[in-house]
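Read the figures in this text as sums done on the coordinates, not as results from a lab. Nothing here was measured: the structure is a model prediction, and the numbers come from that model. Using ideal geometry, Cβ is built from the backbone for each residue, glycine included, and neighbour counts are taken over all protein chains shown.
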């Protein structure tokens, strides 16, 4: 077991923790988290509305270069609503990957649609464009009203790849296949805030994208998610559906669709904004950890090959 | 419009606000809100788990005298899961009231079930037991596998009354009717934390009850809800379903049912615990406001009759 001990020693040295348990992820709070939280209490704006909600939405739209970002209660809710806005209705199928958290498939199920799983690529851990193409060539049939699965007879209403652990899948190829077939692309970018492919942000490739701010993500809102879209109308609809589809009115409550109580509370947005302000420093810290792992596995412990990050190569983190 | 001015003057005097806009509801933070929030940052426990989640669940179970309380992301989610645990499945009907926030009917729809609306009582604004009985006598048919609506052919899977603005509906009578017909009772107690009927807490009469801690409630978590039950197994299942139905395991993710990402983040629970510790003082403050309204409408401005609160009479707030 000498090899394991070697690796363990490397990790303990890296994290400067000689004895204690090293958790997989711990949120780091080095920004204005406390200041912003106290401000929500002083202002009494802890709930449905508040400036922090607006601020995190603006930050995220700007950061991912999308037209509209909508803060919601968690990443699962973000995927659920993104799929609905992409046109998924009960009985449809959504092509996704099995290597993901259960939320991806659950979000499909909440729309009363069915997940269809295709393989991931070994080197990205995300949906394989080859597997997607093969599946569509074997089972897909283009008709006037969409692409149907000839085996099940169901409409293939969306493609939902996931960027595993923030590694980008071959999203540009997947996008081209979706365009070729005319199937809406929705990105489960839950783990990928800050990840890019050829300079473009995760979440911004498809019709809509979904991020998560659970405690195990690069930044956290305690619990939270964000939907992004480059389609201003869909972005507006995302806000509408996630705030119970209530028509604006000073006192009447008129809801003209089945909406959701999915808004992010202002107190969670306050925490998230402080985290967003430090996002780049967390990205650099993670890149530095990657660099050290890379050196360890390429120079010291060559029996395991570390997964390459194309973007890390491009950006000069390693090389 | 002299009368309106009179009433307006009374309200302005009551709230010691001569000129400015008086909001319908503002959260009040006079407890340990700031201390507990800062503690979540210092401990890094802001997300899925943490002592505040445990504490608010214990408080609520104790306060409502129920066996188990499960903290969730909002009141809508609480109703949705409570209905599912009561046995509501797609295609069923749930009897409820139309005088409520849209969440009540939405929670039914999320279970792919159908709301059936019966009248409320004029003096409680909550579901009328007479209307419920009439409906069941006209349309209900007891069969081996449940009570069916003879008009639609659907199973009536639950009765879901709501305690409007915290006024208790005639819950004991409704409970008896449900027992007589063998239909599960679920209470939408979203607005009724602290309300009682004959000494028993709102939320504790049915199989399960749901509370909300949105910003407009007597106490707030920013956003939050709690499911309560006197059935220990259902309480345990509520926890399980609202934490993605994940089987306990140190690292494997095995989910054996369609669960939800509905847990309350620890940061919201921290705020809520501080609010819970002050709940009695808020209840007394509201009782005092009610007393002054009561005096105004019974002595000064007799053209409008204020709704009586039976419990207020019982508890000596007025009389």
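Observations on the model:
- With all projection directions averaged, the alpha carbon convex hull of chain A covers 18.9 nm².
- Bridge type composition, the protein assembly as shown - antiparallel percent by DSSP, nearest 5: 60
- Shortest-first nm distances, residue A:290 label point to equivalent points in other copies (7 Å, Cα→Cβ): 5.9
- Relative to the other identical copies, residue B:7 shows label-point distances of 7.2 nm, where the label point lies 7 Å from Cα along the Cβ direction and values run shortest first.
- When the alpha carbon coordinates of region A:116-159 are projected onto the principal axes, the ranges are 36, 17, 15 Å, largest first.
- Shape parameters for the protein assembly as shown, alpha-carbon atoms, Rg then Dmax in Å: 26.5, 90
- Fraction of antiparallel bridges per DSSP, chain A only, in percent to nearest 5: 60
- Here is how the number arises for chain B: DSSP H runs of 4 or more residues each give -39500 (n - 2.57), the sum is divided by the residue count, and the result at 222 nm is -12000 deg cm²/dmol.
- Part-to-part distance (alpha-carbon centres) for region A:147-168 and region B:25-42, which is given in Å: 43
- Summary for residue B:179: label point 7 Å along Cα→Cβ; distances to the equivalent points in the other copies, ascending, 6.7 nm.
- Between region A:210-261 and region B:235-309, the alpha-carbon centres lie 22 Å apart.
- Percentage relative contact order, chain A, counting C-alpha pairs under 8 Å, at least six apart: 22
- Taking A:129, A:18, A:308 in turn, the Gaussian network model of chain A (Cα-Cα springs below 10 Å) assigns the largest fluctuation to A:18.
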